[in-house]
Each structure stands twice: as C-alpha cells, then as structure tokens.
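Colleague: Got a structure for you, written out below as structure tokens; questions coming shortly.
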Amino acid sequence: MAVRLSDDFLEQIRDRNDIESVISGYVELKRRGRNLVGLCPFHNEKTASFTVYPETSSYYCFGCHAGGDVITFIRNIENLDYVDSVKFLADRSGIKMPDDNLDDTVHEKRKLTYELNRAAAKFFHECLFSEKCKEHLQYFVNRGLTKSQITRFGLGAAPDDWHELCNYLVSQGFKKDDLVRADLVKLSEKNGRKNYYDNFRNRVIFPVIDLRGNVVAFGGRVLDDSKPKYINTGDTPVYKKGKELFALNLAKNGNNGKLILCEGYMDVIALHKYGFTNAIAGLGTALTPEQVTLISRYAEEVYLCYDSDEAGQKAVRAALSLFSKTGVKVKVIMLSGAKDPDEILSREGGKDRFQTLLDESLNAIEYYLYITKAKYNISTADGRRDYLNEASKLLSRVGAIERDVYASKLADELNVDKNSILTTVDNNITRANRTVKREAFKSAQKEEREIQKSFDPERTKNLRAAKAEDILLISILNNASFYNKLKNDLTEELFITPLNKRLLSLIIGRLDEGKSVEISFLAPHLTSDEMSVVAKLFADISLVSNTIDECVDCINVLKKEKEKQNMQTPSAMGDQDFLDFFASLKKSEDEKK
C-alpha cells in the first residue's frame, strides 16, 4: 500500500472520529463493562458477537473474525479503499486532507469511474428523449411512467449503435481504456487490432445509485423478448456485484423502518409511482448476505415481494434463509392472481389491492406452513399425518409462544390433539439441538481455519510457533517497554509464520523510530484481513504476558521450532549430505562407547 499519511494526521482522524460514535451510526451498541457489543454488520447473526474496545480504539467480531480500527470499519462497511475511508472520516469531522502527501492512484480511478458513470447516465437520459430512441421512451410510456417518474429514477436509453456512447465519452475527454475499466465499453483484440464497442446497445437503461448519490452501475433491458433480457455492469473500481440495491438511496429515508424487497427495476418503479416509496430491488443476481446486511441497517421489517412463479418462490425461500440469521422481521407478500406487483398495480384499484396484500402478508412460519400444506391432500388421514409431521419440524424452529399459537391453529384446522403436536415438536427440538451444536462447532472451527489459511497458510502448519508469536506481539503492543528488554533476541528471523513476521517487522520498525504502535498507525500498512488479525490480538486479553519471563519462554519456544525446521531429514538430503550425516551419527556412537 503506497499511502503516506503522517502519524499526527492519523491521530487527528482517530481523535475526531471516536470509534464508538462512528460505529454506533451503523450498529446498535450496548455497553458491557468497559466495552460495547452489538450485532455484527459484516455477517448475519442473532446473538451479538461484535465487540468495540474504546480503550484501544478497535473492534473485533468473534463470529466472522472481522476487526480493525475506525478506518478499517469505514473501509469495510462503505466498501471503500483505504484513502477514501480516511477521506470519508476527514469529511465527517471537518479535517482537511493533506493531498500533497497522498498517493491517490486507487482513489483517482474511483473518482474517474464516478465521473464516467455520471457522464454516461446523462448521455443515456438525453438519448431517451431523442428521435433515435423514441421506441425506448414508448416502452416506459406503455408501462405507465410519466416524465417526472422517469426523471426521478434517471432512466435512459442506449441507442442501437455499437460506438455512440464510446465516441461521446471520448469527445468529453475520457480515455477508452478507462471506459473499459468502468464496463461501459468492451474491448476485443484480433490480429493485433483493438476494437472498442459499447456494452449497452438498444436497451432501456436503469442507473444504479449508491447511498451517497453516486452512479455506480447500470442495468439494461431489451425492448422485446430477445436474450439476454438484462445485462448489468460487472465489477468496477466503484461497484461490486451483490453489494448494492436498486433505489435504496430513495427508500432508506422516511420508511418507518420498513422496506419492500422486489425482484426487478420496474416493480420498484411501479411501487414508487403508487406511493410505496420504500420499495427496493436486487441487481440481477440472487440476494446476497452483503445485501441482507445492508438492508438490516435501514429496516426492522422487510416485505418480500417476489414473482409468484416457481423461480420467484424459490428466491423467497432463499431470502427467508438469509434473513433468519438477522434480527430483521420478514413477511412474504402473496401475489395471488398476478405474476408481479407491477401487474397488480396496473389494474383498476390496484393500489388498494396491493395494500391489502401487504396487510395480509405472511410471516416466515405462516409462509412455510402455507406451502407445506399445498403439498398434501389433507382430506385423507395419510395426508393430514404427513402434513402434521412436516409442520411439527417447522414449529421446532420457532420460539415457545409461536409454537403454542401455531399448534393451536393446526389442532383446530385438522381436528387433532394440540398436546400431540407439541410432543412431536419437542422431540424434533431435542434431536435438532444435538445436531445443531455438533455441526455449529465443526463449522466454526472449519471457518476460522479456512479464513486464516486463505491469507496466512503457514500458520496452520506451525500452530505452536504461531501461538508463541501471538503472545509476543500482543505483549509488545500492550507494553512497548518490553521490546527494549527483548530486542537482542526478538528479530524477524526468529518468527516462522509470514504474517506475524511482517507484523513484527512493522512494529519493531516503528518502535526503533520512537513511534507509537497503536492500531490506527498500523492500518495504512495492512490489508483488511491483516487488520482483523491485529484486532484479534488486541481483543484477546488472555494472551497478554505480564512478565518478561513469559516472553522469554515464548522466544525459547520459537528457537526450538526454528531448529526443528532447520534440521534436514535423511530423505531430503543429497548424497554427500547423507554420507556426512551418517558419519556424524557413527562418530557419536563411537564416542558413547
């Protein structure tokens, strides 16, 4: 990382952006002793495992192992690079960035991509009202949109031309390779010749706008039934698929803690047209955990409004599974008599009809009972039995009050004894708990190993050494004076695992220069994953050594581990090395005699 920011500046950023106040803007935190806890914003969970440590200005999640300082938090929560994260906090606290000390390569690419997207959005919007795109405008008119609605969403049109957007943007001073990086233009090379051509052609255009008002991507739909029906912007410096939501910038405010999650752009626009301005949609991919986490920051309750076909209902079940790991309440809108919300709203009285469906929406257990019941013929004894067996498994996943309520409903509906249902449910719970505990333990162990292995593979091969290294690192981070007493023995060469070795180099380099090793000063030199490792060290108080002797013991452990690594086994030796090794063994035996 080529960012050059002074310690004084980073300290100013940290002091003016207290980690508790910054994170509490995204996470509901509750005090627990000297620290604060909340539901992690980086993965879905029901039990709080996300901890903020005000004393060290750091955070760490014991569920997904994400951690770092306040800059790392903004970097991950806002999907920014390091420089933009610093600028975000600088703007938040009214601090002027020292632009002359920055290497802004990544930042400039992002800034340029934003400018390109803004220029492209303007181009598409103007094309929509031109003679060459009258069919595109008619498409929106036929869908019942007015000019004000078209303007509100910044809708546009891509002409039926291979190079018009490319030529326009080049005429505005942009370079073709930057257009390719923004995925506005494609590049093909044949026989040594480069051919640049527009990515979006002869389509109506839906711009994707992030929460800060930047155009980050585009979706393009054909006017007929040709394939592919939609094409969407790929990954760019400002956009990652599966991390944004259409119209969240409009729906996030004034929604009373409720959002309507749809499948398509037009569903959202139609709902906004009829006053349901809290509607949002995914972007051409299945709902992702990142999108669910983003939604949970702006809503306490979500209504799933997916198509009534099998594909739509499959998406409902997938979404319910993702939301079940959060504290967000979820309901399913059953679009009876129509394929999608746009179809309902376009009818006479459509707004009132949709409001009724919204009011009658089913919670997760009601939805699963509904689709389960549809699989069986409950007019027969076998059908009722099979339905009740499957329904009992569903009730085993909910709380005691819900179990009692729905057991009563099932008993009345099927004319069976409520206690029989609850007994079956209790048996299912006992079996499920044993399985869940066993699988959760295995999964947590595997996940932590895989995360660590992905960017620090040597650690899993040298666990004893890694533990000793951890103790030394956290001891020095918590008590810098230890380093002066250990520096003769504590060198980079002593460490075995590459990541810890790099951390040690960074730490002792700063200490030798008389600089602080607080977590904020380490951040510019580390990736987000590496910052999580450092945050875990700060979080794991049990590792802190209170005496020099304990640190010396760790150094001795590392020396022994190093000796083991340096020893050659006979199978790995060359011919001469083997003969020398054999001679030394024979000499040792002779001396013993």
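Colleague: Among the residues of the stretch 127-148, is any closer than 18 Å to Phe246 by Cα, touching a strand residue (DSSP E or B) at 6+ places or on another chain (Cβ under 7 Å) and in a loop (DSSP other than H, G, I, E, B)?
Modeller: No, the stretch 127-148 contains no residue that is closer than 18 Å to Phe246 by Cα, touching a strand residue (DSSP E or B) at 6+ places or on another chain (Cβ under 7 Å) and in a loop (DSSP other than H, G, I, E, B).
Each row is one residue, and each column tells you yes or no for (1) free of Cβ contacts under 8 Å to residues at least 60 places away in the same chain; (2) under 17 Å from Asn556 (Cα atoms); (3) out of contact with any strand residue (DSSP E or B) (no Cβ under 9 Å at 6 or more places or on another chain); (4) outside any helix (DSSP H, G or I).
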residue: Arg464; (1), (2), (3), (4): no, yes, yes, no
residue: Ser475; (1), (2), (3), (4): no, yes, yes, no
residue: Asp489; (1), (2), (3), (4): no, yes, yes, yes
residue: Ile496; (1), (2), (3), (4): no, yes, yes, yes
residue: Leu503; (1), (2), (3), (4): yes, no, yes, no
residue: Ile508; (1), (2), (3), (4): yes, no, yes, no
residue: Lys515; (1), (2), (3), (4): no, no, yes, yes
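Colleague: A further question on this structure: Please return the ranges of strands (runs of 3 or more DSSP E) entirely within the stretch 242-347 where 2 or more residues are touching a residue at least 12 places away in the same chain (Cβ under 8 Å) and more than 19 Å from the chain's Cα centre (by Cα).
Modeller: Where strands (runs of 3 or more DSSP E) fall fully within the stretch 242-347 and carry at least 2 residues being touching a residue at least 12 places away in the same chain (Cβ under 8 Å) and more than 19 Å from the chain's Cα centre (by Cα), they are 258-262, 301-305, 329-332.
Colleague: While we're looking at this one, here's another question. So Glu310 fits all but one of (1) surrounded by 16 or more Cβ atoms within 10 Å (Cβ to Cβ); (2) at pLDDT below 95; (3) more than 22 Å from Gly144 (Cβ to Cβ); what number is the exception?
Modeller: The number of the failed condition is (1).
Colleague: Need a quick list: strands (runs of 3 or more DSSP E) entirely within the stretch 1-64 having at least 1 residues that are surrounded by 17 or more Cβ atoms within 10 Å (Cβ to Cβ).
Modeller: 35-38, 50-53, 58-61
Matching residues to (1) touching a helix residue (DSSP H, G or I) at 6+ places or on another chain (Cβ under 6 Å); (2) of a type in the set (Val, Ile, Thr); (3) in contact (Cβ under 8 Å) with a residue 60 or more places away in the chain:
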| residue | (1), (2), (3) |
| --- | --- |
| Asp69 | yes, no, yes |
| Met97 | yes, no, no |
| Lys111 | no, no, no |
| Asn117 | no, no, yes |
| Phe129 | no, no, no |
| Asn142 | no, no, no |
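Colleague: Could you please tell me which pairs satisfy a Cβ distance under 7 Å, a separation of 6+ or placement on different chains, a first residue in the stretch 366-389 that is over 20 Å from Arg317 (Cβ atoms), and a second residue that is among the aliphatic types (A, V, I, L, M)?
Modeller: Every condition considered, the pairs that remain are Ile378/Leu414; Arg384/Ile378; Arg384/Leu414; Leu388/Leu410; Leu388/Leu414; Leu388/Val416; Leu388/Ile421.
Colleague: Something else about it: Going through the stretch 208-232 one residue at a time, which ones are crowded, with 22+ Cβ neighbours inside 10 Å and closer than 15 Å to Ala157 by Cα?
Modeller: Val208, Ala217, Phe218, Gly220
Colleague: For Thr151, are the conditions met, namely being in the same structural domain as Gly220 (by TED's automatic domain parsing), at pLDDT below 95 and surrounded by fewer than 20 Cβ atoms within 10 Å (Cβ to Cβ)?
Modeller: Considered against the rule, which asks whether it is in the same structural domain as Gly220 (by TED's automatic domain parsing), at pLDDT below 95 and surrounded by fewer than 20 Cβ atoms within 10 Å (Cβ to Cβ), Thr151 comes out as no.
Colleague: Scanning for something surrounded by 14 or more Cβ atoms within 10 Å (Cβ to Cβ), at pLDDT 90 or above and within 36 Å of the chain's Cα centre (by Cα), does the stretch 406-422 turn up at least one residue?
Modeller: Within the stretch 406-422, one or more residues are surrounded by 14 or more Cβ atoms within 10 Å (Cβ to Cβ), at pLDDT 90 or above and within 36 Å of the chain's Cα centre (by Cα).
Colleague: Mind checking which residues of the stretch 188-230 are part of a strand (DSSP E or B) and either over 32 Å from the mean Cα position of the chain (by Cα) or of a type in the set (Ser, Thr, Tyr) (or both)?
Modeller: Let us first name the residues in the stretch 188-230 that are part of a strand (DSSP E or B), namely 188-190, 193-198, 203-209, 215-221, 230.
Within the stretch 188-230, Ser188, Glu189, Lys190, Arg193, Lys194, Asn195, Tyr196, Tyr197, Tyr230 qualify.
The values are calculated or read from the model by the stated rules, or taken from the named source; none is laboratory data. Owing to the predicted nature of the structure, the values given are computational and were not obtained by experimental measurement. Methodologically, a virtual Cβ is constructed for each residue, glycine included, from the backbone with ideal geometry; neighbour enumeration extends over all protein chains shown.
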